[in-house]
Every structure is written in structure tokens, then in C-alpha cells.
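Structure record follows, encoded as C-alpha cells.
The values are calculated or read from the model by the stated rules, or taken from the named source; none is laboratory data. Everything numeric here is computed off the predicted structure, so don't read it as measured data. Cβ sites come from the backbone with ideal geometry, for glycine too, and all protein chains shown count toward neighbours.
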């Protein structure tokens, strides 16, 4: 997953919950400025722990897989597209 796709996923989950950026930052225990950087795609400038805190808030996690590998049947069935 690209950093842009990661930030798009986070934005979609925040909007689905109808939370503001400020509310999301507060719930994740991070500053609003840090949260905005995550949404703006500057994730590489933010510590991975802070990104994980935001993902955890939405019940998401980071996983690593071989680049370019086709999705598995399980990934396809779960609706994963990346």
C-alpha cells in the first residue's frame, strides 16, 4: 500500500465515523498537527507509532507483503484492493 493510499484509507474511516480531524487526533492521543500530516500524506515524517495509534482507532493494522504479489483469495474476499 502506498502512503497516499494509507492516508486515503484513514480519511475515509474518519469521515465514515463523522469525526473531525481534531476529534480523531484527540481520540488517538496525538496532536492535531501530527494528525493533519498523516492525512496529508506526510506519514514518512511522522513516527510509525503515531500512525499505528490512528489505525488502531479505526480497527486497522499495518501488514507487510511482497511488493507486486497478487492478492490471495482471502484478501480478495475481505474486499482488499491493494
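Only one entry of 71, 60, 76 meets the criterion of being surrounded by 14 or more Cβ atoms within 10 Å (Cβ to Cβ) and either assigned to a helix (DSSP H, G or I) or at pLDDT below 95 (or both), and that entry is 60. Looking at region 13-26, which of its residues are within 18 Å of residue 61 (Cα to Cα) and crowded, with 16+ Cβ neighbours inside 10 Å? Residues satisfying the conditions are 13, 14, 24, 25. Taken over region 27-50, the criterion of being under 13 Å from residue 13 (Cβ atoms) and crowded, with 17+ Cβ neighbours inside 10 Å is satisfied by 28, 35, 38, 39.
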